[in-house]
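Shown next, in structure tokens, is the structure this report addresses.
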Number of protein chains: 2
Amino acid sequence: MPRPALVDSHLIDHVEIVPVAFHDKPLLNIAGVHGPYVLRTIVIIRMADGTYGLGETYGDAQHIDRCRRVAAQLRGVDVFNIAAVHRAVRAALADDPGTGGHGMSGMVTGSDTVDRVFSPFEVAILDLQGKITGRPVVDLLGGAFRDRVPFSGYLFYKWAGFPGAQPDEWGEALTPGQIVAQAHRMVQGWGFRSLKLKGGVLGPDAEAETIEQLRREFPQMPLRLDPNGAWTVPTAMQTIERLADVLEYIEDPTVGMDGLAEVARAGSLPVATNMYVVAFAHLPEAIASKCVDVILSDHHFWGGLRRSQELNAICKAFGIKLSMHSNSHLGISLAAMVHLAAATDNLNYACDTHWPWKDPEEDVVDAEHALPFVDGSIAVPGRPGLGVELDEARLAAMNQLYAECGYTERDDTAYMRSVEPDFDPSIPRW
Amino acid sequence: MPRPALVDSHLIDHVEIVPVAFHDKPLLNIAGVHGPYVLRTIVIIRMADGTYGLGETYGDAQHIDRCRRVAAQLRGVDVFNIAAVHRAVRAALADDPGTGGHGMSGMVTGSDTVDRVFSPFEVAILDLQGKITGRPVVDLLGGAFRDRVPFSGYLFYKWAGFPGAQPDEWGEALTPGQIVAQAHRMVQGWGFRSLKLKGGVLGPDAEAETIEQLRREFPQMPLRLDPNGAWTVPTAMQTIERLADVLEYIEDPTVGMDGLAEVARAGSLPVATNMYVVAFAHLPEAIASKCVDVILSDHHFWGGLRRSQELNAICKAFGIKLSMHSNSHLGISLAAMVHLAAATDNLNYACDTHWPWKDPEEDVVDAEHALPFVDGSIAVPGRPGLGVELDEARLAAMNQLYAECGYTERDDTAYMRSVEPDFDPSIPRW
């Protein structure tokens, strides 16, 4: 767009798309089990003067290919024109069928491809805008509603270690008692003041028993359970009835908006989702059917930080509460989540994070600027931009690990089938 | 909020609330007639180094009082924390009953008091942020979707002049032919490429006849009619049927969301409103009832530019189109409307403006930076902030005029009754 040269010009010089891998733990879920490596993609938008902005997204091959197509369109785009970046993404994906590359192992397949691909570029642009203007990203989003962002400890049933390998430092968690021990470690290590259990693994009775043991052990702790659509509506009704006084919300108790609506109508617990309302196109039906009380936002598939603020506005207008979803992620996404959460007035719950499951030294951001957990929260960094800086040596090592690890997409079901050939990920399961 | 001093501090030093008046024309509407003066309030947020930001809002006494209460709360607030400014507004209005001070002579009474009072402060803050960062406001809103913002010429039935005064330069417009002449003057003078007629004055048949004459005279020109809720549902149905092939939309054809919904269901024309869906609290009912196809946004009552972007997001998600409403305004609001419209992807129609009805020399912004109309559009200014600068001498003169004019609120009905004592503003009227 031609514009009088009355303000400084800040143009994108080039964009790097760097796939990386880091080590994961054998965390169990409805789709199977986490494999040994998490794949992520780092988006680095660079200006000619050396200033750069960082974004982080999924690492599936198809998604990386899309990001590369976008990157090729961005040279010369003004970093203060997010609308122009969005146009470039739409142009790069104009002939894309939009299928696949979701990065979430089949658990979230309805997200919008343009929004999902746009997200890391928008985060990197905001990081750049912050660095250029000397403001933290939260200020570019309208300013902070909170100065600390609380996270919840994310509990997983898990194997002791990967098949053929030594047990990891967390060990096995396949019983209520082992989950309670895991919870203690989470609370002691990071100070979390709420806990979430990934369900859909042992079945509703064992998982309800786990929640009840957590309640006995942590009488005041807000608790959530996420079976990822594992249950039929009757099973969901029955299990929720049992846990009605124990949970702050139940996440994706059954399959689809119709199922969630039935459960929500019973009114025993707030119903949350990050599986069935994952794109703006889903909101009219979700709101008309009153199928959810809480949406777990996630800037990685809702189209970045400003689009997530649009989600916030819509939810606020319709009385829907917000929580925040997490995948396995690195320090760039953690920072983005913190800035967004701080700027989001209608965020009513502690945010999810997989953070404790990762070696803190295995990251692409430098250790000096890593955001520390204190009492389960992260203080909103006051530095310009996201507040994290790239560690080029770490980035190179993790890119090397990506090249060597032999994986090109996340597939929890395939990994589970390498151990249990008959594993069936279908839902509802119980 | 305590924050590490890692970025420059930009704090509000003090805020000036300056009521001003400028000369109006006797423009007729459903509530009566414009009086001789438009009252507005200029909000000037100043930093200690002399940098200032500008906002403009209604001039009713009660509204001015509310703005002054907010201004007293803002010293020391960080200009990059819009959330903190919003908190200050809520605090200042905590004990406010929220009634009155709407600034729109009874035609829009449902707007949210916090949003309405917050608006000029938010605009001034964004102007300041733009000046500090060297970016035009449109960039702070996410960047421009368009580089020129089209406006529509706003036609009014009017008296030749105020009672006892000479006819003004526009003369009388009480017949279809006189409105056609007014339209020619608008198109020739400003280059408008769409036209809007303020209705609710002569009754549906005469107004439909006026529209039909405009169509014959301007065969390709998009036309709109706004009777401001003047008609019963049957009258609305009948009149819309007559004009179905002529108008791009019909604005507030009848009273209330239920009435609009009935008209909208008939489907003859898109139904627009700026009377019955004027706050976020109205959106759930409006969307559920499908009562409107188009919302006329207005940052003056929707809570500023970023809140108007939230409205845009909601409308986009639900397939509602956006247009933009206007009251009589000065150059600050014109600039704010241009930046907002440029950043609003879902704005599907030319924006309303009362601009031609004002003497261009009578303004608080300096002539050098005034935004010119070319072909009915205004180019988005590329200067930092809103792109307009205060003319202190003009501001002082218009503040003086406010003090001398003898009016303290807009009351089109009272002014009409000074001429026609039995005038009844009730709706529906026909």
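Details
- Among the residues listed as B:VAL85, B:VAL38, B:VAL89, the single one being hydrophobic (A, V, I, L, M, F, W, C), more than 14 Å from every other protein chain (Cβ to nearest Cβ) and either farther than 16 Å from B:LEU126 by Cα or in contact with a helix residue (DSSP H, G or I) (Cβ under 9 Å, 6 or more places away or on another chain) (or both): B:VAL38
- Among residues of the range B:299-312 that are part of a helix (DSSP H, G or I), those with a beta-carbon under 7 Å from a residue that is modelled with pLDDT under 95 and open to solvent by 10 Å² or more (accessible area, probe 1.4 Å) at least six positions away or on a different chain give the pairs B:ASN312/B:ASN346.
- Looking only at the range A:185-201, and only at residues there that are of a type in the set (Lys, Arg) and not in a strand (DSSP E or B), the one that is surrounded by the most Cβ atoms within 10 Å (Cβ to Cβ): A:ARG193
- Selection within the range A:202-229 - within 20 Å of the chain's Cα centre (by Cα), at negative phi and crowded, with 23+ Cβ neighbours inside 10 Å: A:ARG224, A:LEU225, A:ASP226, A:PRO227
- Any hit, the range B:391-408, residues being under 30 Å from B:GLY203 (Cα atoms) and either assigned to a loop (DSSP other than H, G, I, E, B) or open to solvent by 30 Å² or more (accessible area, probe 1.4 Å) (or both): yes
- Residue that is under 30 Å from A:LEU225 (Cβ atoms), modelled with pLDDT of 95 or more and within 16 Å of the chain's Cα centre (by Cα), where the choices are A:THR57, A:THR41: A:THR57
- Within the range A:258-295, the residues that satisfy the criterion of being in contact (Cβ under 8 Å) with a residue 40 or more places away in the chain and under 15 Å from A:MET104 (Cα atoms) are A:ASN274, A:MET275, A:TYR276, A:VAL278, A:ALA279.
- Going through (1) modelled with pLDDT of 95 or more; (2) within 13 Å of another protein chain (Cβ to nearest Cβ) one by one, A:VAL364 falls short only on (2).
- Among all residues of the range A:239-252, there is at least one that is part of a loop (DSSP other than H, G, I, E, B), of a type in the set (A, V, I, L, M, F, W, C), modelled with pLDDT of 95 or more and under 30 Å from A:ALA144 (Cα atoms).
- Scope the range A:370-388; condition touching a residue at least 24 places away in the same chain (Cβ under 8 Å), more than 10 Å from chain B (Cβ to nearest Cβ) and open to solvent by 40 Å² or more (accessible area, probe 1.4 Å); matching residues: A:ALA370, A:VAL374, A:ASP375
- Residue within the range B:267-280 that is open to solvent by less than 10 Å² (accessible area, probe 1.4 Å) and either charged (D, E, K, R) or assigned to a helix (DSSP H, G or I) (or both) present: no
- Taken as a whole, the range B:247-256 holds at least one residue that is open to solvent by 10 Å² or more (accessible area, probe 1.4 Å), over 21 Å from B:ASN348 (Cβ atoms) and either of a type in the set (Val, Ile, Thr) or within 25 Å of the chain's Cα centre (by Cα) (or both).
- Test: residue in the range B:344-361 that is within 13 Å of another protein chain (Cβ to nearest Cβ), open to solvent by less than 30 Å² (accessible area, probe 1.4 Å), over 27 Å from B:PRO26 (Cβ atoms) and touching a Gly at 6+ places or on another chain (Cβ under 6 Å): no
- Subset of the range A:314-323 (residues that are facing chain B (nearest Cβ under 8 Å), part of a helix (DSSP H, G or I) and in contact (Cβ under 8 Å) with a residue 24 or more places away in the chain): A:ILE314, A:LYS316
- Across the range B:133-167, the qualifying residues are those that are within 14 Å of another protein chain (Cβ to nearest Cβ) and without any contact (Cβ under 8 Å) to a residue 24 or more places away in the chain, and the one among them that is most open to solvent (accessible area, probe 1.4 Å) is B:LEU140.
- Among the residues of the range B:291-320, those identified as within 21 Å of A:SER308 (Cα to Cα) and either open to solvent by 10 Å² or more (accessible area, probe 1.4 Å) or polar (S, T, N, Q) (or both) are B:ARG306, B:ARG307, B:SER308, B:GLN309, B:GLU310, B:ASN312, B:LYS316, B:ALA317, B:PHE318, B:GLY319, B:ILE320.
- When residues of the range A:231-246 are limited to those that are of a type in the set (A, V, I, L, M, F, W, C) and within 30 Å of A:GLY191 (Cα to Cα), the one surrounded by the most Cβ atoms within 10 Å (Cβ to Cβ): A:ILE240
- Flag if A:THR113 is under 21 Å from the mean Cα position of the chain (by Cα), away from chain B (no Cβ under 14 Å) and over 24 Å from A:LEU28 (Cα atoms): yes
The values are calculated or read from the model by the stated rules, or taken from the named source; none is laboratory data. Everything numeric in this text was worked out from a predicted model, so none of it was measured. Using ideal geometry, Cβ is built from the backbone for each residue, glycine included, and neighbour counts are taken over all protein chains shown. Areas reflect the complete protein model, heavy atoms only, side chains present, ligands, DNA and RNA absent. Shrake-Rupley method; radii C 1.70, N 1.55, O 1.52, S 1.80 Å.
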